[in-house]
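> Mind having a look at this structure? Questions to follow.
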Amino acid sequence: MTPANDTPYPHLFAPLDLGFTQLRNRILMGSMHTGLEDRARDFPKLAAYFAERAEGGAALLVTGGFAPNVVGWLAPFGSKLSRPWEVSRHRQVTRAVHGHGAKICLQLLHAGRYGYHPLQVAPSRLKAPINRFTPRALSARGVERHIADYARAARLARDAGYDGVEVMGSEGYLINEFIAPRTNRREDAWGGDAARRMRFAVEIVRRIREACGPDFILIYRLSLLDLVEDGSNWEEILQQARAIEAAGATLINSGIGWHEARVPTIATSVPRAAFAGVTAKLRPHVGVPVIAVNRINMPDVAERVLADGQADMVSLARPLLADPQWPAKARAGRPDAINTCIACNQACLDRIFVNQRATCLVNPRAAHETELVYRPAAARKRVAVVGAGPAGLACATVAAERGHRVTLFDAAREVGGQFNVAKRIPGKEEFHETLRYFRHRLADTGVELRLGTRIDATALTEFDEVVVATGITPRKAAFPGADHPMVVGYLDLLLGRVEAADTVAVIGAGGIGFDVGEFLVHAGPSPALDSARWMAEWGVDARFESRGALADARPEPPARKVWLLQRSPGRPGARLGKTTGWIHRATLRAKGVQMLGGVEYLGVDDHGLRIRVEGREQLLEVGTVVVCAGQEPERSLADALRAAGREVHVIGGADVAAELDARRAIDQGSRLAAAL
Ligand code: FAD
Ligand code: NAP
Ligand code: SF4
């Protein structure tokens with residue numbers, strides 16, 4: 001490697017020579033499904049989405065997954081490349097990317113038994129625990145036809161102008177299902193011992209190379225950690241990597257964890273670059289460059305992975321959704337200007353799973369590049385924004401970027417609103433990055449900041465536009481003894497104004513109730529900051545030797561005994577994020593938290609909290625009761641201004657507090673600012 005000498009990240013910006021072609025740096029944009037891949041009419045939007053990321057400086061982009069045939073669909077009528085007439089739409093994408101000096105590979109993804117439709121196929125007739133459909137087992141002829149389908153799809157990708165393909169061989173999709181004993185019970189030429197189980201993968205790579213020639217990038221995404229029982233062991237993984245290289249792969253990308261794995265792999269509580277060690281373990285055994293993945297979200301992390309020799313490239317997926325200019329900002333030595341992916345999954349994966357277009361919590365323009373455009377303002381207005389939480393910060397900075405003269409007021413001494421509370425939760429350390437980004441952006445866009453300034457209805461007369469982003473007030477719960485000294489609000493607890501006893505009841509099991517649970521049970525530094533502790537807690541074999549790299553989970557003892565309660569029947573946490581709710585529930589379960597639904601609060605006295613569940617009264621002998629009973633809009637300023645005859649815009653929690661999250665707050669703030 002010849003390090004670049006004009007940047008603080010010399011390894012990250014060193015070119016990579018693939019022999020027949022060169023990559024301009026070590027940044028691969030990892031594959032993400034946005035929902036724009038599924039319809040021909042959305043391809044102009046898809047091209048704009050990729051063009052921004054190519055312009056931002058990534059070297060090699062990978063599309064979302066395209067199935068090589070109909071039975072490989074992720075969902076009915078999902079993205080697919082199997083017919084000549086499907087080629088032309090892709091040329092918009094490849095031209096747009098090449099116009100900015102980047103290269104692009106199409107990902108070939110056959111969903112196998114993860115396909116959410118009745119046509120799905122798999123090596124054996126075994127239903128996935130996360131799907132309601134049972135697959136049909138492929139016949140030997142069916143296997144041969146599938147290999148031909150992969151080769152044909154790769155050839156079509158080449159015709160469409162792609163520089164290569166990525167073959168998705170991990171995450172528990174079809175190819176991975178052939179490789180792992182967990183899902184391959186065949187006894188023919190495609191199952192049995194490790195060599196026969198991997199034959200499908202090797203044949204696909206060989207036939208693609210044959211069909212597309214030597215000057216075509218072929219990335220193979222190899223499952224280095226299955227994180228499920230009866231997954232591959234290390235010896236089999238090495239054998240597979242060597243065979244894949246011999247069959248013609250140009251690069252090996254790392255795959256971490258099947259979708260049905262019960263170990264988090266990309267959530268915000270996963271330590272940064274937690275899995276780079278397994279890529280490092282593979283690297284000396286193969287001749288092709290290897291790519292490290294997952295939770296590499298800032299340039300110093302990426303540079304360290306490369307400088308330490310753990311990998312030859314880094315894959316950034318969600319970080320480039322959050323900030324397409326990530327590479328350019330890093331190269332220029334401006335990491336503070338990066339809008340960091342906080343790994344929340346709220347606006348990307350959680351939306352894809354309910355069939356909505358992906359976007360990004362911190363960047364509402366992601367996958368909406370042609371629809372949410374920040375044009376220079378026609379006339380420069382004086383804009384007051386009251387409240388520097390996520391809604392106000394987004395609104396103020398976008399309005400200032402468009403050329404308005406913006407003043408941002410907050411009663412607090414720092415910007416960020418409730419994010420200053422959220423960042424104190426163990427596993428939510430990334431929220432600090434959003435606050436750092438906004439502080440930087442306020443300075444960059446020239447917003448005048450007036451902290452420690454509480455605004456009342458007599459102020460703001462000199463402004464053309466007034467935006468009220470005053471957030472929420474926590475809801476008070478009504479039960480006998482609610483004014484007992486042991487009853488505290490979540491803000492008092494999280495901001496350190498009160499100390500919790502050793503036994504605690506939490507009233508309300510929404511997002512904040514769960515976060516308060518995490519805050520109460522963890523002692524000392526967060527495991528999210530220490531990979532070894534984190535792997536021990538989740539049962540990952542840190543030597544990556546065992547089948548599926550699983551070990552016995554060793555959760556650290558809880559700091560307190562906690563009960564987490566809600567009035568609604570059913571299990572608490574059912575409404576948490578689709579891809580992250582199970583992680584919160586599993587963490588609290590492992591820490592012995594008692595979660596109860598259908599609870600009636602009878603009252604608090606010196607003995608604790610009396611509740612009734614399923615007709616039975618109980619006394620929870622707790623020393624602290626924390627109320628997390630939701631939130632009400634803080635609209636007193638907006639109401640007073642309106643009463644005084646002022647027109648105001650109300651956004652974020654001040655507008656609607658119910659089911660408010662930061663995604664809605666930032667989106668609403670940005671959209672209003674785009675229209676002012
Ligand atoms: P706020 O963040 O409440 O900001 C309002 C601001 O207005 C405050 O800074 C306040 O000081 C100021 N203000 C109020 N009145 C005045 C006045 N008269 N004059 C001047 N200033 C005033 N959301 C997620 O999406 N994902 C999460 O994982 C998540 N985790 C959370 C964890 C915790 C512990 C908490 C507390 C919240 C969490 N949230 C999360 C919710 C998220 O923080 C809120 O949805 C978001 O902050 C709302 O933004 P906002 O700008 O509307 O209001
Ligand atoms: P919430 O999700 O509305 O939950 C409020 C909880 O309080 C519910 O369990 C509710 O259940 C209970 N409750 C409501 N009224 C009550 C009353 N009068 N007395 C007793 N209990 C009552 O609100 P939140 O937890 O405050 O979270 C606010 C928002 O922040 C959420 O909407 C969420 O989007 C966001 N957030 C997100 C995350 C995340 O990880 N994505 C984390 C934190 C916060 P019952 O009515 O059944 O008792
Ligand atoms: Fe990252 Fe959250 Fe944005 Fe997804 S929505 S890209 S996880 S910040």
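> Residues with beta-carbon under 10 Å from that of Ser82, excluding Ser82: net charge, scoring Lys, Arg +1 and Asp, Glu -1? Intermediate results must be reported in sequence, preceding the final value.
Values: positive: Lys80, Arg83, Arg152; negative: Glu86, Asp149.
Around Ser82, the charge tally is +1.
> In percent, what relative contact order does the range 464-565 have, based on Cα pairs under 8 Å that are 6 or more apart in sequence?
Numbers: 87 pairs, mean separation 30.6, N = 102.
The normalised contact order for the range 464-565 reaches 30 percent.
> With a ≥ b ≥ c taken as the square roots of the eigenvalues of the C-alpha gyration tensor of the range 251-374, please select rounded if a/c is under 1.5 and otherwise prolate if a/b is larger than b/c or oblate if it is not? Write down the numbers at each step before the final one.
Values: a/c = 2.15, a/b = 1.35, b/c = 1.59.
Oblate, since a/c reaches 1.5 and b/c is not below a/b.
> For His100 and Ala195, compute 0.36 nm times the residue count separating them, minus their Cα-Cα distance, and round to one decimal in nm.
Details: separation 95, 0.36 × 95 = 34.20 nm, distance 4.20 nm.
Result: 30.0 nm gained on full extension.
> To the nearest 0.05, how large is the calculated FRET efficiency for Leu495 and Arg141 if R₀ is 45 Å and r is the Cβ-Cβ distance?
Once rounded, the FRET efficiency stands at 0.10.
> Can you list residues whose amide H is under 5 Å from Val506's amide H, if they're 5+ apart or on another chain and H is modeled 1.01 Å from N?
Amide H neighbours of Val506: Trp563, Leu564, Leu565, Val626.
> Give a residue-ordered list of calculated ³J(HN,Hα) values for the range 302-310 (Karplus: 6.51 cos²θ - 1.76 cosθ + 1.60, θ = phi - 60°; whole Hz; x for Gly, Pro).
For the range 302-310, the Karplus-derived couplings read 4, 4, 5, 4, 6, 5, 7, x, 6 Hz, x marking Gly and Pro.
> With each pseudo-label sitting 7 Å past Cα toward Cβ, what's the Ser88-Ala40 distance in nm, one decimal?
Once both label points are built, they end up 0.8 nm from each other.
> With labels modelled as points extended 7 Å from the Cα through the Cβ direction, what inter-label distance (nm, one decimal) is found for Gln239 paired with Phe353?
Those two pseudo-labels are separated by 3.4 nm.
> Oh, and also: Can you work out ³J(HN,Hα) from phi for every residue in the range 333-345, in order, using Karplus 6.51 cos²θ - 1.76 cosθ + 1.60 and θ = phi - 60°, giving whole Hz and x for Gly and Pro?
So the Karplus estimates, Gly and Pro as x, are x, 10, x, 5, 8, 6, 7, 7, 5, 9, 6, 7, 6 Hz.
> Still on this model: Give me the number: length gained by fully extending Ala675 to Ala412, i.e. 0.36 nm times residue separation minus the C-alpha to C-alpha distance, one decimal in nm. Mind dumping the intermediate values first?
On the way: separation 263, 0.36 × 263 = 94.68 nm, distance 2.76 nm.
Full extension from Ala675 to Ala412 adds 91.9 nm.
> Leaving out ligands and nucleic acids, note down the accessible area per residue over the chain with a 1.4 angstrom probe, in whole Å². Could you put the intermediate results ahead of the total?
Values: 26250 Å² over 676 residues.
With the other protein chains kept in place, the chain gives 39 Å² per residue.
> Out of all DSSP beta bridges in the chain, what portion is antiparallel? Express it as a percent rounded to 5. Walk me through the numbers before you get to the answer.
On the way: 17 of 79 bridges.
Of those bridges, close to 20 percent are antiparallel.
> Also: Over what distance in Å are the Cα centres of the range 45-101 and the range 132-182 separated?
Each part reduced to its Cα centre gives a spacing of 17 Å.
> Next question. If we count every other residue with Cβ under 12 angstrom of Thr94's Cβ, Lys/Arg +1 and Asp/Glu -1, where does the sum land? Don't jump to the answer; show the numbers that get you there.
On the way: positive: Arg89, Arg91, Arg95, Lys103, Arg158; negative: Asp159, Asp163.
Charge balance in the 12 Å sphere: +3.
> Still on this structure: Compute the acute angle (0 to 90°) between the alpha-carbon long axis of helix 43-55 and the principal axis of greatest extent of the alpha-carbon atoms of the chain; round to the nearest 10°.
90 degrees
> Express the relative contact order of the range 524-595 as a whole percentage, based on alpha carbon pairs under 8 Å and six or more residues apart in sequence.
Values: 60 pairs, mean separation 17.9, N = 72.
Averaging sequence separation for qualifying contacts and normalising by length gives 25 percent for the range 524-595.
> Further question: Note down the net charge around Ala280, summing +1 for each Lys or Arg and -1 for each Asp or Glu among other residues with Cβ under 13 Å from its Cβ. Don't skip to the end; give the middle numbers.
On the way: positive: Lys281, Arg283, Arg304, Arg543; negative: Asp308, Asp312.
Net of charged neighbours comes to +2.
> Project the alpha carbons of the range 225-288 onto their principal axes and report the range along each, largest first, in whole Å.
Principal extents (Cα only, largest first): 36, 26, 16 Å.
> Take the Cβ-Cβ distance between Lys476 and Glu556 as r, set R0 to 35 Å, and report the resulting FRET efficiency rounded to the nearest 0.05.
On the way: r = 34 Å, r/R0 = 0.97.
The computed FRET efficiency comes out at 0.55.
> On to the next question. Got a sec? Charge dipole of the chain, +1 on Cβ for Lys and Arg, -1 for Asp and Glu; which of Ala140, Thr94, Ala477 is way out at the positive end?
Working it through, the farthest residue towards the positive pole turns out to be Ala140.
> Just to make sure I understand: if all protein chains stay in place, what is the order of Phe463, Phe77 by accessible area at 1.4 Å, largest first? Can you show the working numbers first?
On the way: Phe463 25, Phe77 145 Å².
These residues rank, largest area first, as Phe77, Phe463.
> Sticking with this structure for a sec: How large is ³J(HN,Hα) for each residue in the range 603-613, as worked out from phi by the Karplus curve 6.51 cos²θ - 1.76 cosθ + 1.60 (θ = phi - 60°), to whole Hz, x for Gly and Pro?
Coupling constants for the range 603-613: x, 10, 9, 4, 8, x, 10, 9, 10, 10, 10 Hz.
> Would you please give the FRET efficiency between Asp6 and Tyr374, computed as 1/(1 + (r/R0)^6) with r the Cβ-Cβ distance and R0 = 35 Å, to the nearest 0.05? The partial results should precede the final answer.
Values: r = 30 Å, r/R0 = 0.85.
Calculated value: 0.75.
> Now for a separate question. For Arg125 and Arg571 in one chain, what is 0.36 nm times their gap in residues minus the Cα-Cα distance, to one decimal in nm?
So the extension gain works out to 157.4 nm.
> Is the range 405-477 rounded, prolate or oblate when judged by the Cα gyration tensor, a ≥ b ≥ c being the square roots of its eigenvalues, rounded requiring a/c under 1.5 and prolate requiring a/b larger than b/c? Don't jump to the answer; show the numbers that get you there.
Values: a/c = 2.84, a/b = 1.32, b/c = 2.15.
Since a/c reaches 1.5 but b/c is at least a/b, the shape of the range 405-477 is classed as oblate.
> With label points built 7 Å along Cα→Cβ from the Cα atoms of Arg450 and Phe77, find their separation and express it in nm.
Result for the modelled spin labels: 5.3 nm.
> Further, regarding this structure: Name the long-range amide H neighbours of Leu602: under 5 Å, sequence gap of 5 or more, or other chain; modelled H, no Pro or chain starts.
Those qualifying (amide H under 5 Å, at least 5 residues apart or on another chain) are Arg610, Ile611, Arg612.
> Return a whole-number percent for the relative contact order of the chain, with Cα pairs under 8 Å and 6 or more residues apart as the contact set. If you can, show how the numbers build up before the last one.
On the way: 1577 pairs, mean separation 81.1, N = 676.
Rounded, it is 12 percent for the chain.
> Continuing with this model, one more query. Residues with amide H under 5 Å of Ile217's amide H, sequence separation 5 or more or different chain, H placed in the peptide plane at 1.01 Å from N; which?
The answer is Gly164, Val165.
The values are calculated or read from the model by the stated rules, or taken from the named source; none is laboratory data. Quick caveat: nothing in here was measured; it's all calculated off a predicted structure. Note that each Cβ is placed from the backbone with ideal geometry, even for glycine, and that neighbours are counted across all protein chains shown. Side chains are part of the model used for accessible areas, which takes the heavy atoms of the whole protein and leaves out ligands, DNA and RNA. Shrake-Rupley method; radii C 1.70, N 1.55, O 1.52, S 1.80 Å.
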